Amino acid sequence: MQKIVMEGGHPLSGEVTISGAKNSALPLLFGALLGETACHFHNIPKLRDINTTLALLESLGATVERPTKKNQPYTIEAQRLKHLEAPYDLVKTMRASVLVMGPLLAKYGKARVSLPGGCAIGARPINLHLKAFEQMGAKIHIEGGYVEAEAKKLHGARVHFDTVTVTGTENVMMAAVLAKGETILENAAREPEVIDLANLLNKMGAHIVGAGTDTLTIQGVESLNGATHTVIPDRIEMGTFMIAAAMTGGSILIRNGELSLLEALRVKLEEVGAKIKIEEKGLRVEGPKHVQATDLTTAPFPGFATDFQAQFMAMMTIAHGSSVIVETIFENRFMHAQELVRMGADIKIEGKTAIVKGVKKLSGAPVMASDLRASAALILAGLVADGLTEVHRIYHLDRGYEEIEKKFRKLGARIKRAQVKY
């Protein structure tokens with residue numbers, strides 16, 4: 001077991017390069033299962049969830065070639081698979097594993113997928129996926145912790161998602177590209193990662209219109225080819241470093257970042273006093289002397305992303321004034337609050353609302369991460385706290401951030417990874 005140890009109180013300065021987006025790379029890799037020839041991917045981040053996905057693809061019988069040199073792509077060839085089952089041992093740590101179902105069902109007419117695991121941030125049911133597959137002609141059976149889906153040939157359907165679901169939109173979109181006829185997805189997710197997947201599938205020969213809006217129209221085709229694709233930058237990693245610059249009073253130049261992906265966060269950062277400007281080499285974020293409190297409510301894209309809520313709460317703990325944070329996406333995504341309180345924060349939770357009163361200083365303490373974004377929030381808190389902070393259970397962190405402690409160290413943070421001693 002490992003932990004992150006840091007000493008707070010050091011403003012951040014310098015440059016950071018943003019990695020490829022995990023939440024884009026995962027569905028893209030599963031999308032490669034649809035191709036009759038190989039797919040080549042650039043800018044894939046080096047993360048635990050990526051390694052799990054590659055192992056899952058190999059277990060199905062796909063050929064995976066990992067890069068041996070810089071700028072080489074990952075290559076996935078999945079023309080003929082030997083197995084159509086995603087076993088529990090491979091998917092228990094990763095909810096995105098359910099994305100294997102759409103491609104397998106569309107191309108082979110059958111899939112057996114273990115119910116997925118992942119962060120403990122509340123219910124993220126796959127019933128919306130399964131309901132859509134049934135509308136498209138699949139027979140669904142759940143037994144022994146596995147979902148079994150079967151269809152001789154999927155057909156197009158008009159699918160209305162009761163709630164916005166990113167993975168549901170992606171999963172059904174991948175199934176629909178090989179279905180017979182037209183599929184219309186209503187109340188679809190608009191996230192940039194959905195657009196990235198649609199762009200890949202269209203390169204492969206799919207006919208998808210409307211990506212980035214709440215209605216997708218998909219004309220099924222007989223088969224898809226491979227394609228070469230570059231993963232978009234990780235907007236969550238980018239936003240995490242933007243918040244870090246703001247709350248430490250630092251100045252960070254962010255390379256390989258797309259500000260257009262973070263309009264809601266940009267507005268909130270400027271409300272707290274940060275300055276954000278586009279420079280020739282990238283995006284610069286300068287923190288204020290004193291962070292000002294502001295309220296926020298999480299919402300599906302283009303609203304304020306739930307994946308920033310924990311990091312923003314960490315910043316609000318040292319803001320001037322009080323803030324109200326409303327979480328509308330996941331019901332258990334305030335578990336980081338009690339750990340921030342251990343560091344001296346003043347936070348009260350009332351259902352889906354957190355009331356945060358800013359304090360002058362946080363104090364370093366041993367804390368425990370409950371999920372991926374909570375891990376990042378506790379690191380941000382540690383960067384401004386007096387004394388030493390230890391963040392435990394960082395295996396969550398390694399699922400979504402590529403060498404985050406090394407990137408912070410290059411910015412001047414006193415931070416390191418260490419073994420936990422019992």
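The rows are residues; the columns are (1) assigned by TED's automatic domain parsing to the domain that holds Lys352; (2) in contact with a Gly (Cβ under 6 Å, 6 or more places away or on another chain); (3) within 18 Å of Arg190 (Cβ to Cβ).
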{"site": "Ala245", "(1), (2), (3)": "yes, yes, no"}
{"site": "Ser251", "(1), (2), (3)": "yes, no, no"}
{"site": "Arg266", "(1), (2), (3)": "yes, no, yes"}
{"site": "Glu270", "(1), (2), (3)": "yes, no, no"}
{"site": "Ala274", "(1), (2), (3)": "yes, yes, no"}
{"site": "Val285", "(1), (2), (3)": "yes, no, no"}
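Among the listed residues Lys352, Lys360, which satisfies the condition of being of a type in the set (D, E, K, R) and more than 25 Å from Arg266 (Cβ to Cβ)? Write out each step before concluding.
Numbers: Lys352 fails: more than 25 Å from Arg266 (Cβ to Cβ).
After applying the criteria, what remains is Lys360.
Would you say Ala25 is surrounded by fewer than 21 Cβ atoms within 10 Å (Cβ to Cβ), outside any loop (DSSP other than H, G, I, E, B), touching a residue at least 12 places away in the same chain (Cβ under 8 Å) and in contact with a helix residue (DSSP H, G or I) (Cβ under 7 Å, 6 or more places away or on another chain)?
Numbers: surrounded by fewer than 21 Cβ atoms within 10 Å (Cβ to Cβ): no; outside any loop (DSSP other than H, G, I, E, B): yes; touching a residue at least 12 places away in the same chain (Cβ under 8 Å): yes; in contact with a helix residue (DSSP H, G or I) (Cβ under 7 Å, 6 or more places away or on another chain): yes.
Taking the combined requirement at face value, the residue does not satisfy it.
I'm trying to understand the selection: among the residues of the stretch 281-327, which are of a type in the set (Ser, Thr, Tyr), farther than 17 Å from Leu362 by Cβ and surrounded by 23 or more Cβ atoms within 10 Å (Cβ to Cβ)?
If we filter the stretch 281-327 for residues that are of a type in the set (Ser, Thr, Tyr), which is where we start, we get 294, 297-298, 306, 317, 322-323.
If we keep only those that are farther than 17 Å from Leu362 by Cβ as well, we get 294, 297-298, 306.
If the condition is that a residue be of a type in the set (Ser, Thr, Tyr), farther than 17 Å from Leu362 by Cβ and surrounded by 23 or more Cβ atoms within 10 Å (Cβ to Cβ), then no residue fits.
Out of Glu191, Glu143, Glu134, which single residue is modelled with pLDDT under 95 and either at positive phi or not assigned by TED's automatic domain parsing to the domain that holds Met238 (or both)?
Answer to the check: Glu143.
Among (1) assigned by TED's automatic domain parsing to the domain that holds Leu362; (2) part of a strand (DSSP E or B), which single condition is His10 missing?
(2) is the only condition that His10 fails.
Among the residues of the stretch 32-66, write down those that are assigned to a strand (DSSP E or B), under 23 Å from Tyr401 (Cα atoms) and within 23 Å of the chain's Cα centre (by Cα). If you could, list the steps in order and put the result at the bottom.
Quick first cut of the stretch 32-66, residues assigned to a strand (DSSP E or B) only: 35, 39-42, 63-65.
Pick out the ones that are also under 23 Å from Tyr401 (Cα atoms) and you get 40-42, 64-65.
Within the stretch 32-66, His40, Phe41, His42, Val64 meet the criteria.
Yes/no per residue for (1) charged (D, E, K, R); (2) out of contact with any strand residue (DSSP E or B) (no Cβ under 9 Å at 6 or more places or on another chain); (3) surrounded by 24 or more Cβ atoms within 10 Å (Cβ to Cβ):
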{"site": "Asn202", "(1), (2), (3)": "no, no, no"}
{"site": "Ile218", "(1), (2), (3)": "no, no, yes"}
{"site": "Asn225", "(1), (2), (3)": "no, no, no"}
{"site": "Asp234", "(1), (2), (3)": "yes, no, yes"}
{"site": "Met242", "(1), (2), (3)": "no, no, yes"}
{"site": "Glu263", "(1), (2), (3)": "yes, yes, no"}
{"site": "Val272", "(1), (2), (3)": "no, no, no"}
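Identify all residues within the stretch 196-224 that are assigned to a loop (DSSP other than H, G, I, E, B) and farther than 19 Å from Ala32 by Cα; write none if there are none. Before the answer, list the steps.
Within the stretch 196-224, the first condition is being assigned to a loop (DSSP other than H, G, I, E, B), and the residues that meet it are 204-206, 210, 212, 214, 220-223.
Hits for the stretch 196-224 are Gly210, Gly212, Asp214.
Might you let me know whether the stretch 19-26 holds any residue that is under 22 Å from Lys92 (Cα atoms), hydroxyl-bearing (Ser, Thr, Tyr), at pLDDT 95 or above and in contact with an Asp or Glu (Cβ under 8 Å, 6 or more places away or on another chain)? Break it down stepwise before answering.
So in the stretch 19-26, the residues under 22 Å from Lys92 (Cα atoms) come out as 21-26.
Remaining after also requiring hydroxyl-bearing (Ser, Thr, Tyr): 24.
Those still in the list that are at pLDDT 95 or above too: 24.
Right, trim to in contact with an Asp or Glu (Cβ under 8 Å, 6 or more places away or on another chain) and you get 24.
Yes, because at least one residue in the stretch 19-26 is under 22 Å from Lys92 (Cα atoms), hydroxyl-bearing (Ser, Thr, Tyr), at pLDDT 95 or above and in contact with an Asp or Glu (Cβ under 8 Å, 6 or more places away or on another chain).
The values are calculated or read from the model by the stated rules, or taken from the named source; none is laboratory data. Computed from a predicted model, the values in this text were never measured in an experiment. Cβ sites come from the backbone with ideal geometry, for glycine too, and all protein chains shown count toward neighbours.
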